[in-house]
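Only one structure is covered here, and it is reproduced in the block below.
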């Protein structure tokens, strides 16, 4: 007897199914439609998926089944040629407004690692690249760029408030130092100390005077190490007849010398205080009172109730105060809002010493935010606007100053998945960076490739997973699918068919049952 070519169901009576029998072809897109309550979910979930799940659990050992919930078989006479399936419910698992396609699919996690490992840090203020030096690199720089020149190696010493110069001179002399530099003048510590330091809070101590000759590399290296140790990781080398070079062991801007933060993965997380923009807390937008909501009808005058919240009982006192202030300042209360002078509108918004204005009104109401109805009332007059600090990038300036392939991590996530995959394949890294990022790039490429295979190359990585209701089920299922089977081995999950392909069933909409096969 020839085997059936598809999934055969006989006598299905689960829930409201009326002893139905049917055959569903394999490797085809099958859509189950019907009115509400007709049994679509009973057939797809409570019959097909339940039977496949029961058979899979029964194939496990008795010991393994001890840790799994008991699954009842559906009420059906016979099911033949059923394949392992993954059921995706129609719900959005996202719980936070910060969640994006990049974070939900773990692509953003690998991007954070990539930027922390090989990112090039720039100064948020002047844009110059950041540098950090070791004693060896400082010596190599001096001998390579100023070979043969005479130099003074100095370090900065803070002067304690109220300390007499004579006492400081004696302390430096006991420690073996012979000279200091103050306002460009070299002073010998053997000479009498000045009467006071004036307004100075620090002086430069001369640690060594050397000729930058490769033959004296050992002495120069020892002096550099001592200057870094005494100067708290910073030193200055004054080239006689040339510039003064400043070096630091910590991360600093090569232009303005500002201290910068070393990249780490948390610096690029808008879900963590270390990386989130302090203004918008990592959301990329802020809630502000919107004039279009406060004054919805711009054809109304102040006397007719142009300020909408003051037309309610709770705002009538403010409306009366507005009329009093208008008479006092001789403002026109009969002209439509859209034709009022800018100065008059500004007065209504900000008020003065006797009239609180719209801002004062909302500040007063916000003191009662612990009441639910007050929060609902305030939400009617607010709208989202791009954060003025991060401009929607969600991260603090230090994170946005790190670049890979000329892009910040915010600019990278603004790319579509298709464009991001192409960029990852052609970053133009140095040999060292390629070695450091090899495993990160391999995992990142695997994630992006999977998203491309399921047809999501048009989405941007920064797209929020909280989307309009009409799009939520599809995007939620994509996220769930990515989490469930994104990089796992099909055979390890018991979802591989005989030819090694990966099969899954996805419930995308109430009336859709999707079966797809990936080679």
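The values are calculated or read from the model by the stated rules, or taken from the named source; none is laboratory data. Note that the coordinates shown come from a computational prediction; the quantities given were computed from them, not determined experimentally. Here the Cβ is made from the backbone with ideal geometry for all residues, glycine too, and neighbour counts use every protein chain on show.
Of the numbered conditions (1) out of contact with any helix residue (DSSP H, G or I) (no Cβ under 9 Å at 6 or more places or on another chain); (2) under 30 Å from residue 464 (Cα atoms), residue 323 fails exactly one; give the number of that condition.
(2) is the only condition that residue 323 fails.
Of the residues 278, 296, 273, 309, which is part of a loop (DSSP other than H, G, I, E, B), more than 30 Å from residue 397 (Cα to Cα) and at pLDDT 90 or above?
Working: 278 fails: more than 30 Å from residue 397 (Cα to Cα); 273 fails: more than 30 Å from residue 397 (Cα to Cα); 309 fails: part of a loop (DSSP other than H, G, I, E, B).
Just one listed residue meets the conditions, 296.
Answer yes or no: is there a residue in segment 72-88 that is in a helix (DSSP H, G or I), in contact with a strand residue (DSSP E or B) (Cβ under 9 Å, 6 or more places away or on another chain), buried (at least 16 other Cβ atoms within 10 Å of the Cβ) and modelled with pLDDT under 90.
no
Scan (1) free of Cβ contacts under 8 Å to residues at least 12 places away in the same chain; (2) in a helix (DSSP H, G or I); (3) surrounded by 11 or more Cβ atoms within 10 Å (Cβ to Cβ) for the single condition residue 54 breaks and write down its number.
Failing condition for residue 54: (1).
Given the criterion crowded, with 18+ Cβ neighbours inside 10 Å, in contact (Cβ under 8 Å) with a residue 40 or more places away in the chain, in contact with a strand residue (DSSP E or B) (Cβ under 8 Å, 6 or more places away or on another chain) and at positive phi, identify the matching residue among 275, 282, 231.
Residue meeting the stated conditions: 282.
Given the criteria assigned by TED's automatic domain parsing to the domain that holds residue 105, touching a strand residue (DSSP E or B) at 6+ places or on another chain (Cβ under 8 Å) and either under 19 Å from residue 279 (Cα atoms) or at pLDDT 90 or above (or both), does residue 414 qualify?
yes
For every residue, the table says whether it meets (1) out of contact with any helix residue (DSSP H, G or I) (no Cβ under 7 Å at 6 or more places or on another chain); (2) without any contact (Cβ under 8 Å) to a residue 12 or more places away in the chain; (3) more than 29 Å from residue 284 (Cα to Cα); (4) in the same structural domain as residue 408 (by TED's automatic domain parsing).
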{"residue": "346", "(1), (2), (3), (4)": "yes, yes, no, no"}
{"residue": "352", "(1), (2), (3), (4)": "yes, no, yes, no"}
{"residue": "364", "(1), (2), (3), (4)": "yes, yes, no, no"}
{"residue": "372", "(1), (2), (3), (4)": "yes, yes, no, no"}
{"residue": "378", "(1), (2), (3), (4)": "no, no, no, no"}
{"residue": "392", "(1), (2), (3), (4)": "yes, no, no, no"}
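Look through segment 1-14, keep the residues that are surrounded by fewer than 16 Cβ atoms within 10 Å (Cβ to Cβ) and modelled with pLDDT of 90 or more, and return whichever of them is nearest to residue 79 (Cα to Cα).
Among those residues, the one meeting the criterion is 10.
So residue 202 passes all but one of these: (1) closer than 30 Å to residue 256 by Cβ; (2) more than 46 Å from the chain's Cα centre (by Cα); (3) in contact (Cβ under 8 Å) with a residue 40 or more places away in the chain. Which condition number does it fail?
Status for residue 202: all satisfied but (2).
Name the residues in segment 234-254 that are out of contact with any strand residue (DSSP E or B) (no Cβ under 8 Å at 6 or more places or on another chain) and either closer than 20 Å to residue 135 by Cα or free of Cβ contacts under 8 Å to residues at least 40 places away in the same chain (or both), would you?
243, the sole residue that qualifies.
Is at least one residue of segment 181-202 within 14 Å of residue 238 (Cα to Cα) and in contact with a helix residue (DSSP H, G or I) (Cβ under 9 Å, 6 or more places away or on another chain)?
No: segment 181-202 contains no residue that is within 14 Å of residue 238 (Cα to Cα) and in contact with a helix residue (DSSP H, G or I) (Cβ under 9 Å, 6 or more places away or on another chain).
Tell me which residues, restricted to segment 285-295, are surrounded by 15 or more Cβ atoms within 10 Å (Cβ to Cβ) and either touching a helix residue (DSSP H, G or I) at 6+ places or on another chain (Cβ under 9 Å) or over 30 Å from residue 375 (Cβ atoms) (or both).
Those that are surrounded by 15 or more Cβ atoms within 10 Å (Cβ to Cβ) and either touching a helix residue (DSSP H, G or I) at 6+ places or on another chain (Cβ under 9 Å) or over 30 Å from residue 375 (Cβ atoms) (or both): 289, 291, 294, 295.
Output the residue which, of all residues in segment 420-463 that are over 19 Å from the mean Cα position of the chain (by Cα), part of a loop (DSSP other than H, G, I, E, B) and in contact (Cβ under 8 Å) with a residue 24 or more places away in the chain, is surrounded by the fewest Cβ atoms within 10 Å (Cβ to Cβ).
458
Please go through segment 211-221 and pick out each residue that is part of a helix (DSSP H, G or I) and surrounded by 13 or more Cβ atoms within 10 Å (Cβ to Cβ).
Matches in segment 211-221: 216, 217, 219, 220, 221.
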